[in-house]
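Coordinate-derived values only; no laboratory data. Only a predicted model underlies this, so the values are computations on that prediction, with no experimental measurement involved. In this analysis, Cβ positions are derived from the backbone assuming ideal geometry, glycine residues included, and neighbour counts consider all displayed protein chains.
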Amino acid sequence: MVKEEQELANRPDNTAFTQQRLPAWQPMLSAGIVIPGFVLIGLAFIGIGVALFVTSRSIQVLEFDYTGVDQNSPCFKCSDPKVLNCVCNLNFSIDSLFKGTVFFYYGLSNYYQNFRKYGVSKDDVQLSGDLTNFKTPSDTCSPYAYDSNNQPIVPCGSIANSMFNDAFKLYQIINGTNTLVPFDGKGIAWWTDYNIKYRNPSITPLKNAFNNTVKPIFWSKPAYELDTSDPANNGFINQNFLVWMRRAALPNFRKLYGRINEGDYAQGLPAGNYSLEIAYNYPVLSFDGRKKVVFSNVSWMGGKNEFLGIAYLVIGSMCVFMSIVMLIVYAKFKFPEEDGVPGH
Amino acid sequence: MTFITHMDLIIILYFSHFLHSFKPLQTNAIKTSKYNPFTFLPLNLFEQFQRIANAYFLFLLVLQVIPQISSLSWFTTVVPLVLVLTVTAAKDATDDIVSKCVLCTISPLKNFTTWILDVLVHKTNKKSTQRNPYVFQSYINYTHACLNSSFHSEYNLKPAVSPLSRTLTYAGQKYPLDNEKILLRGCTLRNTEWCFGLVLFAGPETKLMQNSGKTTFKRTSIDRLMNVLVLCIFGFLAFMCTILAIGNCFWEMNEGSQFMVFLPRQDGNNAAFSAFLTFWSYVIILNTVVPISLYVSVEIIRLGNSFYIDWDRKMYFSRYNTPAEARTTTLNEELGQIKYIFSDKTGTLTQNVMTFNKCSINGKSYDTVDFSFNPLADPRFMFHDHALVEAVKLEDPEVHAFFRLLALCHTVMAEEKKEGELFYQAQSPDEGALVTAARNFGFVFRSRTPDSVSIVEMGEERSYELLAILDFNNVRKRMSIIVRSPEGKLCLYCKGADTIIYERLHQSCSKLMDVTTEHLNEFAGEGLRTLALAYKNLDEEYFNQWKQRHHEASTELDNQESKLDELYEEIEKDLLLLGATAIEDKLQDGVPQTIEQLSKANIKIWVLTGDKQETAENIGYSCNLLREEMNDVFIVSGNSPEDVRQELRNARTSMKPVEDSMFLPERTLGKGVKLIADELVNGEYGLVINGHSLAYALEGSMELEFLRTACMCKAVICCRVTPLQKAQVVELVKKYKQAVTLAIGDGANDVSMIKAAHIGVGISGQEGMQAVLSSDYSFAQFRFLQRLLLVHGRWSYLRMCKFLRYFFYKNFTFTFVHFWYGFFCGFSAQTVYDEWFITLYNLVYTALPVLGMSLFDQDVNDVWSFQYPQLYIPGQLNLYFSKKAFFKCALHSCYSSMVLFFIPYAAMHNTVRDDGKDVADYQSFALLTQTCLLFAVTIQLGLEMSYWTAVNTFFVLGSLAMYFAVTFTMYSNGMFLILPSAFPFIGTARNSLNQPNMWLTILLTSILCVLPVVTYRFLFIQLCPTINDKVRMDLLPKQHLPPPPLRTRIRRTSSRRSGYAFSHAQGYGDLVTSGRFLRRPALSGSSGFANIGRTTTGFSPMGRSAGYSPTGRPQNAKVPDVEVTSLQMYRTVRDPAF
């Protein structure tokens, strides 16, 4: 016995793994799986598509371009870059109630926030409140790291520097008098951005942290004075700043400016005439950009986007159609069993 | 790093004192490993960076360090590069260690355990003085004879090497140093325990080492294709980068220059320069089309599949305790593409073991017992016929004469190291078998001197005076011996081919002749090798007179040979027939079945053997290579170039009557080398070509002629070929046929062929190691070849192709998304995905599932693979991975990448979260796209995979889980707080993946990516199924049923006289009688094609079986009952890539 074992000393182990006999599921694209599968997927997709489409349809959107390219545009006068501190009013009316919490967005077109060099031009360490990077901003911020006097710029970089600085005020015109429709500018940024990613240095008052630094070149006010009405909404955790810093994926984008959820307007914007007062500061015409404002409500699927619903409907129908084609092909052309496999 | 080899070239000298003056110049140490611990790192890194892929990634790394260009952080390249280098370095290190171990085991010389000099001195001092001078001399003589033959086998390796011919002068005397006195490293000493020698060349100067150094690195056709594809991909990469750079140039001119308000450029506004930088930035981003992990993964897959070969119990041969071994781990998938097999015969197809199977004595046929009555019996001998034993015990005079003849009439040497332990050294296994048979029946050949033969007859020791040996040669086809018995009776014993013996029989035997002929036919019908035995009592007076004439004739200078022949003819007549023997040249188990299976798999088998034509033909029939039902078997044996050309032409015209030589189907493939396409033939044919003819056929002017003819035949047998010719034949096929070749052999003479072929297989387990050492795969039995090819090879090929297709798909898809994004981000080389995702995509998220697929996938299991050998054909036609398949992959990727970019684009466009917050930001978009991508490629993998083991499922689901785990970890608060600049994506996962919109987009893209593939494949299977589809469809309902047993409809061919059992070279008669043992044995017949000795047989170093087929052609053709394969009736397999 012992001898026998020795003789077979080199015999490989008899395991399912070494002998490649592991139990396995061997699926095949057989008609019994594929055709019903297509029908099921098709029906499910059509269902989802209908739901998405209906939902999307129910979302109200109001959009105005206020760039002022057109001479008739109310902001035409402001589109000349030489005009400073220009204010223009955009009047519009709503026929029926604009339901729910209405979100107010500003939108930019042909604006490349996704340009690589633009995107890297910021200093995450500085923005998380690290004072060493206040004095020596990261190289990535260049050319907006130091001003001409070699003073460090805080917040540094192209993104911060190019922060959108048009301001909006919405009035409802009731009997000729303008009633301010308040925008709630709080909580418009991501929680993580506000609480974790961006932090002010823990120095009070905040202004002191910015000693020996200069504000970004395009800014009119330093970071610690962005919101004079609310001292907590300043520095790097200013909500509008946070929204701007979350750079867009595509050259046409919209960003949240505020929500209309207070007082009489908590249930939406009632029908009537409105006037949007725009402090027109941000130049976009030089690169053929467009500015717009958008009023929109949302649903469970987010903002209005009909694409998804239509896509689901189209693909669902295609699945059903293909399953019929396959069924025909299967019934007509399936290879005969009798001459199935060579050798049999 | 070094070790001492045992013996090298030794000159056999007869003066022991000569040794004193010896001073070694070259130590016998051999250094075979590349590295030592200190040089490992620098040397290995240097070597690795010589590989183009690694160098390319180093270049990328340099690009990434340049801030103007760097579009990705350095770690995206460094992490994979370091990983790849580490894995490769680890593999190189183990290879180096393993190669050391392998060389340590090369020590076939058993009697010398340390350096020869030590042994020599040692042995000389202790033993030589005690030896009787005559024995001493004879030992040396005999040793030399054996060494000599050993040497020839080695010498034949390289006929081109000019023999050493110098003289050695010592103490005023000259000693010639010619081939006969040289022993090569690796030889085996026989019949002696020691010998004197002088080391001539040592260590790395030895022939073995010098030859082994020249091993060429073999690459597979997939490797070569991959190299081409990688070049194409580089071209494509440059093309994409150029498009994007041009795009950037225009963008800069039209948009960027205006956009400067928000993004001023330090280096001015030079669009061209920006485009130049963009080009390089995109080279960095799009480099994933040439994935670095590809090469590592390929290596891992090959290694894994090689381990499967090592682990296969069905390729383990318990008799030799040898498992199969994949000695090269880089050629696996090539095993699935073999088109031509070149096989040696002896030891490969046959066991090279002859067994005494049947006999006919005095008109009575005996089949086959128990030899316990005989203490000298060989315990391994099996012959079961009690009647014969009874006859022996009853002292039947004919039976005794029969066995006495077998015990006396031969040229075997006996060695009795210990009382009762006999060892025979036979020139041929046939003789060995016959003498062993006699021994077991109680006629034990015990020893011989030049003029006597001692045998033990039924326990009684008798010494016969050896008066003459009438030696064997190819014309005589017989050998006789004249002895004087202890009683003083003179007797001639003769054995030889039946036809020859029959002509010389006394009339009184005619009745016996008829009966024996019947028996002979019966034996031959079973494929046995026969000999007829006869004897004759001699008259003392006549013999003396004959002896006198014989002496005169043998001293005569002119016509010596013909005169001797005449004398032999004269005395060898009026013989009395004793009977006949039947010896089986045993085929290895399962050889005919294997050959049938392989030929069903459309593999062409060429047997290249040193044997005589008839023997080779016989074996061809018995192992099912040549078949009775073949339309014709052409024999090419012309002796001039014209004859050979004519014979080849004739063969071709009869195979393909409509000659279209005007339109030779060939195409030119660079450098003027032509490729010959396969030609259609009207039937099945075989070709047997002789060594002489082959020499002509291989000449430049005729090689195409030969190749075309040979390739039209189903089976080709080349006989009496030299090792060099074997290699030439392989090279010829390699040169003109775009086909993968495999050579299989077991002996030193197969080494050249094994090295020349794409894949070399060595038969291991017996003594010889040369073939195994130069082979890529080794196992103990020929029949394992079908498992190696039809199972392991096919799976390896399938897996590798699936891997490559999928790997290119997943990387192209990954990369092309960047390309599309380029058009929407100002061609700024902005990546679509998170940098960490880019780093980990190939290494973590998609590595294991695809590796799992390439290690476990099987379309059908091994049993069904044997059942349907046709499944092998797609591999030969390169259907699973070719340029076309690659192109399809790229198109498929293009589609997928468009889906993966534009669906998220459209779904995210201007949308917001359900709380109105931003979700169309870059980071969310990146997360969405990469998640879609991962789902799409994982589902695609699921479609590719046809064998879901638990491991695969774990890998697939685990990788997805891993992706989410890693993503959520890296986007977590904690990671950001540790390193804010490295993890800027904080919160993205939480904030966007809680949106139903996101998941609906993921579902949509995943489904949209796979639906067309499923549709295409389904319709394809229905409309024009491939062989694979058919087999799998066929198996679908019976997957869990036990497969039917393999059909073995192999039957032995009818009554062919398989030739007589003489296989050794002539000249041994002289050797054993003359006392001039040192005479070099004359080589049989034609000098050009020396009988190739070998060191691997059970009997002797010279053992080589060969036989004659006196009748030549098959006597009757039976109706074929071997199943005709029907694979030609099916269309070829198409690629199911879509």
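The table below gives the values:
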quantity: Restricting the stretch A:52-89 to trypsin sites (Lys or Arg not before Pro) in coil, as DSSP defines it, with at most 16 other Cβ within 10 Å; calculated: A:Lys82
quantity: Filter on B:Lys755/B:Lys802; B:Lys883/B:Lys1030; B:Lys604/B:Lys656; B:Lys600/B:Lys1030; A:Lys117/A:Lys197; B:Lys612/B:Lys737 - keep pairs with C-alpha separation over 23 Å; calculated: B:Lys755/B:Lys802; B:Lys883/B:Lys1030; B:Lys612/B:Lys737
quantity: Listed residue pairs exceeding 27 Å between alpha carbons, taken from B:Lys495/B:Lys547; A:Lys255/B:Lys810; B:Lys314/B:Lys884; calculated: A:Lys255/B:Lys810; B:Lys314/B:Lys884
quantity: For chain A, built as a Gaussian network whose Cα springs stay under 10 Å, the top-fluctuating residue of A:Met301, A:Met322, A:Met28; calculated: A:Met28
quantity: Average other protein chain Cβ within 10 Å of Cβ, residues B:1017-1028; calculated: 5
quantity: Assigned charges on the beta-carbon of Lys, Arg, Asp, Glu; the stretch A:60-297 dipole about Cα centre (debye); calculated: 400
quantity: GNM flexibility winner over chain A from A:Arg199, A:Arg116, A:Arg290 (Cα, springs under 10 Å); calculated: A:Arg116
quantity: Crossing angle, helix A:306-333 versus chain A [Cα axis fit, 0-90 degrees, rounded to tens]; calculated: 20
quantity: Gained length - B:Glu705 relative to B:Glu421, 0.36 nm times residue gap less alpha-carbon distance; calculated: 96.7 nm
quantity: Separation of alpha-carbon centers, the stretch B:493-572 and the stretch B:730-780, rounded to whole Å; calculated: 42
quantity: In degrees, nearest ten, helix A:31-58 long axis to first principal axis of chain A (Cα); calculated: 10
quantity: Cβ neighbours within 10 Å from other chains - mean over A:51-58; calculated: 1
quantity: Sparsely packed chymotrypsin sites (Phe, Trp or Tyr not before Pro) within the stretch A:1-98, loop by DSSP, other Cβ within 10 Å at most 15; calculated: A:Phe17
quantity: Per DSSP, loop GluC sites (Glu not before Pro) in the stretch B:399-433 with at most 13 further Cβ within 10 Å; calculated: B:Glu419
quantity: Rounded, prolate or oblate (a/c below 1.5 giving rounded, otherwise prolate when a/b exceeds b/c) for the stretch A:60-297 by Cα gyration tensor; calculated: prolate
quantity: Per-residue mean of C-beta atoms belonging to partner chains within 10 Å, peptide A:8-14; calculated: 5
